[in-house]
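The values are calculated or read from the model by the stated rules, or taken from the named source; none is laboratory data. Since this is a predicted model, take the numbers as computed values, not measurements. Don't worry about glycine lacking a Cβ; one is built from the backbone with ideal geometry, like all the others, and counts go over all protein chains shown. Just so you know, the surface numbers come from the protein's heavy atoms only, side chains and all, with ligands and any DNA or RNA stripped out. Shrake-Rupley method; radii C 1.70, N 1.55, O 1.52, S 1.80 Å.
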There are 2 protein chains.
Amino acid sequence: MKPSVVTIEPSGHFCDDCAVRGAAVCSSLDAAELREFEHLGRRVHFDSGETVFSEEDITTSFYNVLEGVMRLYKLLPDGRRQIVGFALPGDFLGMNLSGRHNFSADAIGAVTVCQFAKAPFGRFIEDRPQLLRRINELAIRELSQARDHMVLLGRRSADEKVATFLLGWRERLVGRNGLSDTVPLPMSRQDIADYLGLTIETVSRTFTKLERHGVIEIIHGGISLLDPARAEALAAA
Amino acid sequence: MKPSVVTIEPSGHFCDDCAVRGAAVCSSLDAAELREFEHLGRRVHFDSGETVFSEEDITTSFYNVLEGVMRLYKLLPDGRRQIVGFALPGDFLGMNLSGRHNFSADAIGAVTVCQFAKAPFGRFIEDRPQLLRRINELAIRELSQARDHMVLLGRRSADEKVATFLLGWRERLVGRNGLSDTVPLPMSRQDIADYLGLTIETVSRTFTKLERHGVIEIIHGGISLLDPARAEALAAA
DNA sequence: ACTCAAATTTGATCTGAGTCAATTGGCTTT
DNA sequence: AAAGCCAATTGACTCAGATCAAATTTGAGT
């Protein structure tokens, strides 16, 4: 929540070495289009805890996450927070109908995004239906994830929520270095609680319980999944 | 849950008198396109309680709701149910990436849908980016609603959930006959409970409490909103 | 109107997760 | 290495909403 000091690099030919070129919205563009496209985007860096955009902000940009993790959340007037998702490299943010973002986004650790001004991006899309189709795909995938998360929030116990989260997070990180039993958790316990609709104490107690039962080991900056099968069983229940 | 006896009318010029022509996906089509489009769709009728499609079904069709209300839900292996939304006339269903529906849909009362076979619909979209843009709009709107619902499920009390639901449902029915304080509730208490992440008993008790406090009156087939301001206050809290 | 089944309401009790309150542990700064 | 700070853990207790168990009410079919 420090003042937002961002570093804006000059636009240029940086798609070439972009880590998410194949995964992100860009995957729908051919080489020539990509060359044109890269003039629209600028790499912007955010430090840990900085807010990339806020819920009621007028949407002026779209964002493609290049590096790092972000928390996406909504606040109630009295301060209660619900994290609606975590964004990882390759995720595309900023689509909306109202002209305002309908959630806020903070950097968890250092984050780099590819930022596109709304108007030129809109014009670029105009005559490129395959890019629109790609964006639509991403929206539909998110919608499916959102529905899964509703089931978790509305109908699962604390144990099930935590087990499901750990397995789901591990799965999302597969792109990194394959499926690993060492699962880094860059977000705080409070973030996890606000994502799962629990309190920080319940999350902590559940982690401890899972460790006592030999399902996980709590390690520095994450957990190690000792018994994936048992975790799956807990999550499915 | 009776066997699915559906009535399929012959395809023909029925878009002319379609109640949702202006609201649905069709709103992005001009007169000539609409004429071509109507040959793709068939009106299909479902009786109360019938299942229109199930979660793991291979997607063979898309649906445009014409009349009635549907519940959209997901089930856990042990039978717990989360309703992820209610569909009303004008809503478009069936989009997905996996090739399977990722939720189930039942008719609540009699329902009429406009059913499109997947392949011809896909071909029709192909060279009509404005229809794709319309579908994208609908997906983004749903995504926004889904996030709001996550906040409700994860962070709101039973009283807030019920008040928010009643106001939100009233709002969704504005298209019908304007904003009315008489709010029909075609779905059962169990449906409301499964939508709000509560039990049927808690929903019933909360209705009774709201009535005791003069906020609503429970009437046949719905409620009457006596004190909208107080309901708003409860929902905002 | 009469019967039966299902939906809803109401009551009594229980419990999973929340709340409140210390500790403990890990970093950072000096 | 001591001090200070914030995040995480642990413990004791509470409570909102779940569960269990009856009534009621509603509705469809005869």
Original post:
Within the bounds of segment A:84-98, is there any residue that is within 13 Å of chain B (Cβ to nearest Cβ), buried (at least 16 other Cβ atoms within 10 Å of the Cβ) and within 30 Å of B:Gln190 (Cα to Cα)?
Top reply: yes
Original post:
Any idea which residue in segment B:135-160 is nearest to DNA strand D (Cβ to nearest atom), counting only those that are among the acidic types (Asp, Glu) and farther than 16 Å from A:Leu75 by Cβ?
Top reply: B:Asp159
Subject >> Whichever residue in segment B:183-215 is among the β-branched types (Val, Ile, Thr) and within 30 Å of B:Ser104 (Cβ to Cβ) and, among such residues, is farthest from DNA strand D (Cβ to nearest atom) >> reply: B:Val183
**OP:** Please work out which one of (1) more than 13 Å from chain A (Cβ to nearest Cβ); (2) outside any loop (DSSP other than H, G, I, E, B); (3) open to solvent by less than 30 Å² (accessible area, probe 1.4 Å) is the condition B:Ala110 fails and give its number.
**Re:** (3)
Subject >> Meets criteria (open to solvent by 10 Å² or more (accessible area, probe 1.4 Å) and within 30 Å of B:Pro129 (Cβ to Cβ)) for A:Glu142 >> reply: yes
Subject >> Boolean, B:Tyr63 is more than 13 Å from chain A (Cβ to nearest Cβ) and either hydroxyl-bearing (Ser, Thr, Tyr) or buried (at least 21 other Cβ atoms within 10 Å of the Cβ) (or both) >> reply: yes
Original post:
How many residues does segment A:209-237 contain that are aliphatic (A, V, I, L, M) and either open to solvent by 40 Å² or more (accessible area, probe 1.4 Å) or within 14 Å of DNA strand C (Cβ to nearest atom) (or both)?
Top reply: 10
**OP:** Of all residues in segment B:42-51, count the ones that are open to solvent by less than 20 Å² (accessible area, probe 1.4 Å) and either basic (Lys, Arg) or touching a strand residue (DSSP E or B) at 6+ places or on another chain (Cβ under 6 Å) (or both).
**Re:** 3
**OP:** Restricting attention to strands (runs of 3 or more DSSP E) lying wholly within segment A:27-79, give those where 3 or more residues are touching a Phe, Trp or Tyr at 6+ places or on another chain (Cβ under 6 Å).
**Re:** A:61-75
**OP:** Kindly establish whether B:Thr206 is hydroxyl-bearing (Ser, Thr, Tyr) and open to solvent by less than 20 Å² (accessible area, probe 1.4 Å).
**Re:** yes
